[in-house]
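Undergrad: First the structure, which I've put down as C-alpha coordinates, then a few questions once you've had a look.
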Amino acid sequence: MATAGQWIEGARPRTLPAAVAPVLAGTGVAAWSHQEVWWKAVLALVVSLLLQVGVNYANDYSDGIRGTDDARVGPLRLVGSRVAAPEAVKRAAFLSFGLAAVVGLVLAATTAWWLVAVGALSILAAWYYTGGKKPYGYLGLGEVMVFVFFGLVAVLGTQYVQAEDLTWAGLSAAIGIGALACAILVANNLRDIPTDTESGKRTLAVKLGDRRTRMLYGGLVSAALLALVAVAATTSWWALLGLVAFVLLLRAVHTVTDGARGRDLIPVLQLTGLGELLYAAGLFAGLLIAR
(Lines give C-alpha, C1' and ligand atoms only; values in the text may rest on other atoms or scores of the structure.)
Protein backbone atom coordinates (compact mmCIF):
# COMPACT_ATOMS: atom_id res chain seq x y z
CA MET A 1 0.00 0.00 0.00
CA ALA A 2 1.06 3.61 -0.50
CA THR A 3 2.31 5.50 2.52
CA ALA A 4 0.83 8.82 3.61
CA GLY A 5 3.87 10.61 2.16
CA GLN A 6 3.35 8.94 -1.20
CA TRP A 7 -0.31 10.02 -1.29
CA ILE A 8 0.80 13.60 -0.60
CA GLU A 9 3.27 13.40 -3.48
CA GLY A 10 0.54 12.01 -5.74
CA ALA A 11 -1.64 15.00 -4.87
CA ARG A 12 1.06 17.58 -5.66
CA PRO A 13 -0.06 21.25 -5.82
CA ARG A 14 -0.90 21.32 -9.56
CA THR A 15 -3.27 18.38 -9.12
CA LEU A 16 -5.99 20.26 -7.23
CA PRO A 17 -6.52 23.12 -9.73
CA ALA A 18 -6.45 20.68 -12.66
CA ALA A 19 -9.04 18.44 -10.96
CA VAL A 20 -11.35 21.18 -9.70
CA ALA A 21 -11.39 23.45 -12.77
CA PRO A 22 -13.26 21.17 -15.22
CA VAL A 23 -15.86 20.28 -12.59
CA LEU A 24 -16.48 23.96 -11.78
CA ALA A 25 -16.80 24.81 -15.46
CA GLY A 26 -19.13 21.91 -16.26
CA THR A 27 -21.28 22.56 -13.20
CA GLY A 28 -21.46 26.27 -14.00
CA VAL A 29 -22.84 25.55 -17.46
CA ALA A 30 -25.36 23.07 -16.01
CA ALA A 31 -26.38 25.63 -13.36
CA TRP A 32 -26.98 28.29 -16.03
CA SER A 33 -29.93 26.22 -17.26
CA HIS A 34 -31.02 25.29 -13.70
CA GLN A 35 -29.95 21.66 -14.19
CA GLU A 36 -27.22 21.38 -11.57
CA VAL A 37 -27.20 18.31 -9.30
CA TRP A 38 -24.84 19.05 -6.46
CA TRP A 39 -24.20 15.52 -5.24
CA LYS A 40 -23.27 14.47 -8.77
CA ALA A 41 -20.95 17.46 -9.03
CA VAL A 42 -19.21 16.28 -5.84
CA LEU A 43 -18.82 12.75 -7.21
CA ALA A 44 -17.48 14.15 -10.50
CA LEU A 45 -14.92 16.10 -8.48
CA VAL A 46 -13.86 12.95 -6.62
CA VAL A 47 -13.41 11.10 -9.92
CA SER A 48 -11.43 14.00 -11.41
CA LEU A 49 -9.15 14.24 -8.37
CA LEU A 50 -8.51 10.48 -8.25
CA LEU A 51 -7.68 10.40 -11.97
CA GLN A 52 -5.25 13.30 -11.55
CA VAL A 53 -3.54 11.57 -8.64
CA GLY A 54 -3.45 8.32 -10.61
CA VAL A 55 -1.85 10.06 -13.59
CA ASN A 56 0.80 11.55 -11.32
CA TYR A 57 1.67 8.14 -9.90
CA ALA A 58 1.58 6.45 -13.31
CA ASN A 59 3.94 9.06 -14.80
CA ASP A 60 6.19 8.85 -11.75
CA TYR A 61 6.43 5.08 -12.09
CA SER A 62 6.84 4.86 -15.87
CA ASP A 63 9.29 7.76 -16.22
CA GLY A 64 11.20 6.52 -13.18
CA ILE A 65 11.79 2.97 -14.43
CA ARG A 66 12.82 4.32 -17.85
CA GLY A 67 15.36 6.66 -16.28
CA THR A 68 13.89 9.82 -17.79
CA ASP A 69 13.65 11.43 -14.34
CA ASP A 70 17.34 10.92 -13.52
CA ALA A 71 18.23 14.51 -14.43
CA ARG A 72 14.85 16.06 -13.61
CA VAL A 73 14.70 19.85 -13.10
CA GLY A 74 11.19 19.98 -11.59
CA PRO A 75 9.74 18.74 -8.29
CA LEU A 76 11.00 15.51 -6.75
CA ARG A 77 9.64 12.24 -8.16
CA LEU A 78 9.26 9.16 -5.95
CA VAL A 79 10.82 6.54 -8.23
CA GLY A 80 13.42 8.73 -9.90
CA SER A 81 14.73 9.96 -6.55
CA ARG A 82 14.62 6.43 -5.01
CA VAL A 83 12.24 7.63 -2.29
CA ALA A 84 9.79 4.79 -3.00
CA ALA A 85 9.96 1.40 -4.67
CA PRO A 86 8.60 1.37 -8.25
CA GLU A 87 6.04 -1.36 -7.46
CA ALA A 88 4.66 0.66 -4.54
CA VAL A 89 4.11 3.67 -6.79
CA LYS A 90 2.54 1.46 -9.47
CA ARG A 91 0.13 0.02 -6.89
CA ALA A 92 -0.77 3.54 -5.77
CA ALA A 93 -1.57 4.46 -9.39
CA PHE A 94 -3.80 1.42 -9.84
CA LEU A 95 -5.50 2.07 -6.49
CA SER A 96 -6.30 5.64 -7.54
CA PHE A 97 -7.64 4.49 -10.90
CA GLY A 98 -9.66 1.74 -9.22
CA LEU A 99 -11.30 4.13 -6.77
CA ALA A 100 -12.05 6.53 -9.63
CA ALA A 101 -13.72 3.67 -11.50
CA VAL A 102 -15.90 2.77 -8.49
CA VAL A 103 -17.12 6.34 -8.03
CA GLY A 104 -17.56 6.68 -11.79
CA LEU A 105 -19.78 3.60 -11.81
CA VAL A 106 -22.16 5.35 -9.42
CA LEU A 107 -22.43 8.29 -11.83
CA ALA A 108 -22.92 5.95 -14.79
CA ALA A 109 -25.59 3.94 -12.97
CA THR A 110 -27.56 7.09 -12.23
CA THR A 111 -27.05 8.71 -15.63
CA ALA A 112 -26.18 6.46 -18.61
CA TRP A 113 -24.24 3.19 -18.78
CA TRP A 114 -22.29 4.22 -21.88
CA LEU A 115 -20.36 6.52 -19.54
CA VAL A 116 -18.58 3.36 -18.32
CA ALA A 117 -16.81 3.19 -21.69
CA VAL A 118 -15.79 6.85 -21.41
CA GLY A 119 -14.37 6.20 -17.94
CA ALA A 120 -12.47 3.13 -19.13
CA LEU A 121 -10.94 5.08 -22.02
CA SER A 122 -9.94 7.85 -19.60
CA ILE A 123 -8.08 5.39 -17.36
CA LEU A 124 -6.36 3.69 -20.30
CA ALA A 125 -5.31 7.08 -21.69
CA ALA A 126 -3.92 8.07 -18.29
CA TRP A 127 -1.83 4.89 -18.00
CA TYR A 128 -0.49 4.73 -21.55
CA TYR A 129 0.56 8.39 -21.55
CA THR A 130 3.93 7.27 -20.23
CA GLY A 131 3.21 3.56 -19.65
CA GLY A 132 3.43 0.53 -21.91
CA LYS A 133 5.94 -0.29 -24.62
CA LYS A 134 5.12 2.72 -26.81
CA PRO A 135 3.82 5.54 -24.56
CA TYR A 136 2.18 8.21 -26.67
CA GLY A 137 3.49 10.94 -24.37
CA TYR A 138 6.96 10.07 -25.73
CA LEU A 139 5.67 10.56 -29.29
CA GLY A 140 4.48 14.14 -28.91
CA LEU A 141 0.80 13.27 -28.35
CA GLY A 142 0.52 14.17 -24.67
CA GLU A 143 -1.17 17.48 -25.37
CA VAL A 144 -3.86 15.72 -27.39
CA MET A 145 -4.67 13.45 -24.44
CA VAL A 146 -4.75 16.35 -21.98
CA PHE A 147 -7.03 18.44 -24.21
CA VAL A 148 -9.42 15.57 -24.88
CA PHE A 149 -9.63 13.98 -21.42
CA PHE A 150 -8.88 16.84 -19.00
CA GLY A 151 -10.71 19.36 -21.16
CA LEU A 152 -13.48 18.00 -23.37
CA VAL A 153 -14.31 14.80 -21.49
CA ALA A 154 -13.97 16.25 -17.99
CA VAL A 155 -16.03 19.41 -18.58
CA LEU A 156 -18.67 17.92 -20.87
CA GLY A 157 -18.87 14.80 -18.71
CA THR A 158 -19.52 16.94 -15.64
CA GLN A 159 -22.21 18.86 -17.48
CA TYR A 160 -23.82 15.71 -18.86
CA VAL A 161 -24.08 13.72 -15.61
CA GLN A 162 -26.05 16.63 -14.15
CA ALA A 163 -28.04 18.06 -17.07
CA GLU A 164 -28.09 14.96 -19.32
CA ASP A 165 -27.57 17.42 -22.14
CA LEU A 166 -24.65 19.02 -24.00
CA THR A 167 -24.59 22.62 -25.22
CA TRP A 168 -22.40 24.99 -27.22
CA ALA A 169 -21.61 26.81 -23.98
CA GLY A 170 -20.38 23.54 -22.47
CA LEU A 171 -18.20 22.84 -25.50
CA SER A 172 -16.72 26.34 -25.37
CA ALA A 173 -15.97 25.97 -21.66
CA ALA A 174 -14.38 22.58 -22.33
CA ILE A 175 -12.16 24.06 -25.03
CA GLY A 176 -11.03 26.83 -22.67
CA ILE A 177 -10.24 24.46 -19.81
CA GLY A 178 -8.56 22.03 -22.22
CA ALA A 179 -6.39 24.79 -23.65
CA LEU A 180 -5.17 25.83 -20.20
CA ALA A 181 -4.56 22.23 -19.15
CA CYS A 182 -2.47 21.84 -22.31
CA ALA A 183 -0.62 25.06 -21.50
CA ILE A 184 0.50 23.56 -18.18
CA LEU A 185 1.91 20.53 -19.98
CA VAL A 186 3.54 22.69 -22.66
CA ALA A 187 5.29 24.80 -20.01
CA ASN A 188 6.40 21.64 -18.21
CA ASN A 189 7.79 20.13 -21.40
CA LEU A 190 9.41 23.42 -22.43
CA ARG A 191 11.34 23.33 -19.17
CA ASP A 192 12.36 19.72 -19.80
CA ILE A 193 13.47 20.01 -23.45
CA PRO A 194 17.19 19.47 -22.67
CA THR A 195 16.68 16.44 -20.39
CA ASP A 196 13.91 14.92 -22.53
CA THR A 197 16.08 15.23 -25.64
CA GLU A 198 18.95 13.50 -23.84
CA SER A 199 16.73 10.66 -22.59
CA GLY A 200 14.98 10.14 -25.94
CA LYS A 201 11.57 11.39 -24.78
CA ARG A 202 10.13 12.99 -27.94
CA THR A 203 7.54 15.32 -26.46
CA LEU A 204 5.78 17.90 -28.62
CA ALA A 205 8.12 20.54 -27.17
CA VAL A 206 11.17 18.54 -28.27
CA LYS A 207 9.71 18.19 -31.77
CA LEU A 208 8.71 21.85 -32.08
CA GLY A 209 11.83 23.30 -30.51
CA ASP A 210 12.18 26.09 -27.97
CA ARG A 211 10.87 29.07 -29.98
CA ARG A 212 7.76 27.41 -31.41
CA THR A 213 6.90 25.84 -28.04
CA ARG A 214 6.87 29.29 -26.49
CA MET A 215 4.55 30.46 -29.28
CA LEU A 216 2.30 27.47 -28.65
CA TYR A 217 2.00 28.39 -24.97
CA GLY A 218 0.87 31.91 -25.86
CA GLY A 219 -1.54 30.53 -28.45
CA LEU A 220 -3.19 28.22 -25.92
CA VAL A 221 -3.74 31.06 -23.45
CA SER A 222 -5.23 33.13 -26.30
CA ALA A 223 -7.52 30.22 -27.23
CA ALA A 224 -8.75 30.06 -23.63
CA LEU A 225 -9.62 33.77 -23.78
CA LEU A 226 -11.60 33.33 -27.01
CA ALA A 227 -13.39 30.30 -25.55
CA LEU A 228 -14.45 32.33 -22.51
CA VAL A 229 -15.91 35.01 -24.76
CA ALA A 230 -17.78 32.27 -26.64
CA VAL A 231 -19.26 30.98 -23.36
CA ALA A 232 -20.38 34.50 -22.47
CA ALA A 233 -21.90 35.03 -25.94
CA THR A 234 -24.05 31.89 -25.61
CA THR A 235 -25.04 32.38 -21.96
CA SER A 236 -24.42 35.63 -20.08
CA TRP A 237 -21.67 38.21 -20.06
CA TRP A 238 -21.37 37.48 -16.34
CA ALA A 239 -19.27 34.51 -17.46
CA LEU A 240 -16.53 37.03 -18.17
CA LEU A 241 -15.78 37.03 -14.46
CA GLY A 242 -13.37 34.33 -15.60
CA LEU A 243 -11.20 37.13 -17.00
CA VAL A 244 -9.75 37.51 -13.50
CA ALA A 245 -7.57 34.50 -14.39
CA PHE A 246 -5.66 36.54 -16.95
CA VAL A 247 -4.02 38.60 -14.21
CA LEU A 248 -1.95 35.46 -13.55
CA LEU A 249 -1.96 34.02 -17.07
CA LEU A 250 -0.53 37.17 -18.66
CA ARG A 251 2.31 37.13 -16.12
CA ALA A 252 2.99 33.55 -17.14
CA VAL A 253 2.95 34.44 -20.85
CA HIS A 254 5.36 37.29 -20.19
CA THR A 255 7.76 34.94 -18.39
CA VAL A 256 7.61 32.41 -21.24
CA THR A 257 8.07 34.97 -24.01
CA ASP A 258 10.94 36.59 -22.10
CA GLY A 259 12.89 33.35 -22.56
CA ALA A 260 12.88 31.85 -19.04
CA ARG A 261 14.49 28.42 -18.88
CA GLY A 262 14.92 25.51 -16.48
CA ARG A 263 13.86 26.21 -12.92
CA ASP A 264 12.78 29.74 -13.90
CA LEU A 265 9.81 28.13 -15.68
CA ILE A 266 8.49 26.45 -12.52
CA PRO A 267 6.53 29.60 -11.51
CA VAL A 268 4.85 29.45 -14.94
CA LEU A 269 3.41 26.03 -14.04
CA GLN A 270 2.07 27.42 -10.78
CA LEU A 271 0.63 30.55 -12.40
CA THR A 272 -1.01 28.55 -15.18
CA GLY A 273 -2.50 26.04 -12.75
CA LEU A 274 -3.94 28.77 -10.53
CA GLY A 275 -5.03 30.66 -13.63
CA GLU A 276 -6.97 27.62 -14.84
CA LEU A 277 -8.69 27.39 -11.44
CA LEU A 278 -9.59 31.11 -11.41
CA TYR A 279 -10.83 30.87 -15.00
CA ALA A 280 -13.23 28.08 -14.05
CA ALA A 281 -14.21 29.67 -10.74
CA GLY A 282 -15.01 33.00 -12.40
CA LEU A 283 -17.05 31.28 -15.10
CA PHE A 284 -18.88 29.20 -12.48
CA ALA A 285 -19.64 32.20 -10.26
CA GLY A 286 -20.73 34.34 -13.20
CA LEU A 287 -23.18 31.77 -14.57
CA LEU A 288 -24.54 31.06 -11.09
CA ILE A 289 -25.18 34.79 -10.57
CA ALA A 290 -26.68 35.34 -14.03
CA ARG A 291 -29.18 32.48 -14.03
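The values are calculated or read from the model by the stated rules, or taken from the named source; none is laboratory data. Just so we're clear, the structure is a prediction, and the values are computed from it rather than from any experiment. For neighbour counting, all protein chains shown are included, and Cβ atoms are generated from backbone atoms with ideal geometry for every residue, glycine included.
Undergrad: ARG191 fails exactly one of the following numbered conditions: (1) farther than 30 Å from ILE65 by Cα; (2) in contact with a Leu (Cβ under 7 Å, 6 or more places away or on another chain). What is the number of that condition?
TA: Single failed check for ARG191: (1).
Rundown of residues vs (1) crowded, with 22+ Cβ neighbours inside 10 Å; (2) modelled with pLDDT under 95; (3) among the polar types (S, T, N, Q); (4) assigned to a loop (DSSP other than H, G, I, E, B), yes/no style:
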position: ALA30; (1), (2), (3), (4): yes, no, no, no
position: VAL53; (1), (2), (3), (4): yes, yes, no, no
position: ASN59; (1), (2), (3), (4): yes, yes, yes, no
position: ASP63; (1), (2), (3), (4): yes, yes, no, no
position: ALA71; (1), (2), (3), (4): no, yes, no, yes
position: LEU78; (1), (2), (3), (4): yes, yes, no, yes
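Undergrad: Can you name every residue in segment 161-172 that is surrounded by fewer than 21 Cβ atoms within 10 Å (Cβ to Cβ) and part of a helix (DSSP H, G or I)?
TA: The answer is TRP168, LEU171.
Undergrad: Examine segment 267-281 for a residue that is loosely packed, with under 14 Cβ neighbours inside 10 Å and more than 24 Å from GLY137 (Cβ to Cβ), and state whether such a residue exists.
TA: No: segment 267-281 contains no residue that is loosely packed, with under 14 Cβ neighbours inside 10 Å and more than 24 Å from GLY137 (Cβ to Cβ).
Undergrad: Also, quick follow-up: Residues TYR217, TYR279: which one is over 20 Å from LEU171 (Cα atoms) and aromatic (Phe, Trp, Tyr)?
TA: So the residue among TYR217, TYR279 that is over 20 Å from LEU171 (Cα atoms) and aromatic (Phe, Trp, Tyr) is TYR217.
Undergrad: Please specify each residue of segment 200-216 satisfying the condition of being crowded, with 19+ Cβ neighbours inside 10 Å and in contact (Cβ under 8 Å) with a residue 40 or more places away in the chain.
TA: If the condition is that a residue be crowded, with 19+ Cβ neighbours inside 10 Å and in contact (Cβ under 8 Å) with a residue 40 or more places away in the chain, then LYS201, THR203, LEU204, VAL206, ARG214 are the ones that fit.
Undergrad: Turning to a different aspect of this structure: Go through (1) closer than 16 Å to LEU278 by Cα; (2) among the hydrophobic types (A, V, I, L, M, F, W, C); (3) modelled with pLDDT under 95 and name the single condition ALA260 misses.
TA: Unmet for ALA260, out of (1) closer than 16 Å to LEU278 by Cα; (2) among the hydrophobic types (A, V, I, L, M, F, W, C); (3) modelled with pLDDT under 95: (1).
Undergrad: Looking at segment 126-146, is at least one residue buried (at least 24 other Cβ atoms within 10 Å of the Cβ) and under 17 Å from THR234 (Cβ atoms)?
TA: No: zero hits.
Undergrad: Listed residues ALA101, ALA109; which is under 19 Å from the mean Cα position of the chain (by Cα) and among the small types (Gly, Ala, Ser)?
TA: ALA101
Undergrad: Next question, about the same structure. Test LEU121 against the criterion of being in a helix (DSSP H, G or I) and free of Cβ contacts under 8 Å to residues at least 60 places away in the same chain, and give yes or no.
TA: Considered against the rule, which asks whether it is in a helix (DSSP H, G or I) and free of Cβ contacts under 8 Å to residues at least 60 places away in the same chain, LEU121 comes out as yes.
Undergrad: Let me ask something additional. Scan segment 259-267 and give yes if some residue there is over 20 Å from ASP63 (Cβ atoms), among the charged types (D, E, K, R) and not in a helix (DSSP H, G or I), otherwise no.
TA: yes
Undergrad: Limited to segment 253-287, what total is found for residues that are of a type outside the set (Ser, Thr, Tyr) and farther than 17 Å from ILE177 by Cβ?
TA: Of segment 253-287, the ones of a type outside the set (Ser, Thr, Tyr) are 253-254, 256, 258-271, 273-278, 280-287.
Now restrict to residues that are farther than 17 Å from ILE177 by Cβ: 253-254, 256, 258-268, 270.
The total comes to 15.
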